[in-house]
1. Just for segment B:29-82: of the residues that are polar (S, T, N, Q) and within 14 Å of another protein chain (Cβ to nearest Cβ), which one is farthest from ligand 2 (Cβ to nearest atom)?
2. Among (1) within 24 Å of B:Ser118 (Cα to Cα); (2) within 7 Å of chain A (Cβ to nearest Cβ), there is one condition B:Ile217 misses while meeting the rest; what is its number?
3. Across segment B:130-166, which residue is farthest from the chain's Cα centre (by Cα) among those that are near ligand 1 (Cβ under 8 Å from one of its atoms) and at negative phi?
4. Before we move on, is B:Cys224 within 12 Å of another protein chain (Cβ to nearest Cβ) and within 16 Å of ligand 2 (Cβ to nearest atom)?
5. Looking at B:Leu19, B:Leu40, which is the one that is crowded, with 16+ Cβ neighbours inside 10 Å and not acidic (Asp, Glu)?
6. Report the residue count in segment B:20-42 for those that are closer than 19 Å to B:Val98 by Cβ and among the polar types (S, T, N, Q).
7. Being more than 14 Å from every other protein chain (Cβ to nearest Cβ) and either surrounded by 15 or more Cβ atoms within 10 Å (Cβ to Cβ) or of a type in the set (Val, Ile, Thr) (or both) is the requirement here; does A:Met148 meet it?
Amino acid sequence: MSTFLGASIGRKLIVAVSGLFLILFLAVHLVVNLTLLAGQETYNMVAHWMGTNPAVSVIQPVLTVGLLVHIGYSAYVSLSNWRARPQPYYWSDPAGGSTWASRNMLLLGGLILAFLVLHISSFSIRVKLGDAPMADIGGVMTKDLYAMVTARFELGWYVLTYVVAMFFLGLHLAHGFHSGIQTLGLSDGTWRNRWVLLGTGYSIVIAAGYMLLPIYFFLRTHSG
Amino acid sequence: MKIKLKIWRQESPDSKGGLVDYELDGVSKEMSFLEMLDYLNTTLIERGEEPVAFEHDCREGICGCCSLFINGRPHGVGAEITTCELRMTAFENGNTIVIEPWRAKAFPVIRDLIVDRSAFEKIMQAGGFISANAGAAPEANSIPIPKELADEAFDAAACLGCGACVAACPNASAMLFVSAKISQLALLPQGEVETKRRARDMIAKMDELGFGACSNIGACEAECPKGIEISHIARLNRAFVASAF
Ligand code: SF4
Ligand code: FES
């Protein structure tokens, strides 16, 4: 097993599996986010349920580990790839056949990570530490996460950062989706284009879905 | 026509190389790219200078020797051609042409534009064979093979071992080459039995020699002179996963 996971393909399998796991998580996260549109009460209820559900407390560490493994192994594979070409070309023309995103996955990943740090520090940590406004839902006092989130979405700089980050996320997924499938060996001449199409569609839905909320709440407050 | 050339010159594997400018007058469109280099070398020799070292053999697209990185692309412009199949019709009077060797840790420069591609041989020696003693050539129809499989194996076997895939890949990965060799054997009954061992051993050798890891960019496929597709890489990945069990 150690020669298996120590080989270049083994390491890439780890990147692929953790990446595909994170891709699935993004869909779940998006569905939860979209309940914002259902209004203050529903969102706070969902958030409260998430905060107290034992399943969530199991998934959270798994997710953290998945993310760290994905980052760690991608960085490791990318660094060894740099070593494979110590002397760069004077002129290199990527011609057809490869997308900008596919050649810049590490950069995109880094930008997404930077956003994630901002996201977690500005939101999740505040919730965890109890530094959040309270709201009354059917007699129970819970943290008013709805107010917290929508307040953030009124800040122009935050909305802009958010939207740009989701654009990068979309690009990262557009390559990551079919790349992960290919690394697992689940592609062939017939399925390849289908996976690429499916991956592109999925990335557009995810990126647009996440962008929708900050834009919607920003416009709602600032249009009168 | 008159063209400007920027060519990588390097005396030996350890010496420091650099791009050198040349101007070449009297190039005709009828020349092949390699004939243009022959012509340049004639003028250099006449002037008492060292000719540019470059590799070539068949000059008809079957040996894979003519590994030149021309204007940022392996084998220059044009789909599915080797450098020896490139014609000067692809260039205009006054054009500048930059010629570099393949760049990869596993392909060290020997001199000027010639790189050492023996790393590919080492990968083949690690597993690119069938170990059963097959005896004399058997009667062709004694093992029926479905046409689609035979065709796919044949397409994979068209790989020249030229190294353009490694040269084009931002990761300097040899996965397209290795996967072509895997497919060529794995699709046929005689080769199929050893597929797992072959995948594991060839990958281990590929890693050891310092090639990068494939990140499914697809530049190799776009530049391969024989149109080898990355679906072969998916087959190699499958074989590698299977080798764990
Ligand atoms: S796969 Fe294509 S580019 Fe790579 S060595 Fe074979 S023929 Fe050359
Ligand atoms: S010289 Fe043989 S392929 Fe070009």
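The values are calculated or read from the model by the stated rules, or taken from the named source; none is laboratory data. Because the structure is predicted, anything quoted here is derived from the model rather than measured. Note that each Cβ is placed from the backbone with ideal geometry, even for glycine, and that neighbours are counted across all protein chains shown.
1. Only one residue fits best here, namely B:Asn71.
2. (1)
3. B:Ala158
4. Here the answer is yes, as B:Cys224 does meet what is asked.
5. Testing whether each residue is crowded, with 16+ Cβ neighbours inside 10 Å and not acidic (Asp, Glu) leaves just B:Leu40.
6. 2
7. Criteria met by A:Met148.
A quick yes/no check of all residues on (1) modelled with pLDDT under 95; (2) within 27 Å of B:Ala156 (Cα to Cα); (3) more than 14 Å from ligand 2 (Cβ to nearest atom):
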position: B:Leu86; (1), (2), (3): no, yes, no
position: B:Phe91; (1), (2), (3): no, no, yes
position: B:Asn95; (1), (2), (3): no, no, yes
position: B:Ser131; (1), (2), (3): yes, yes, yes
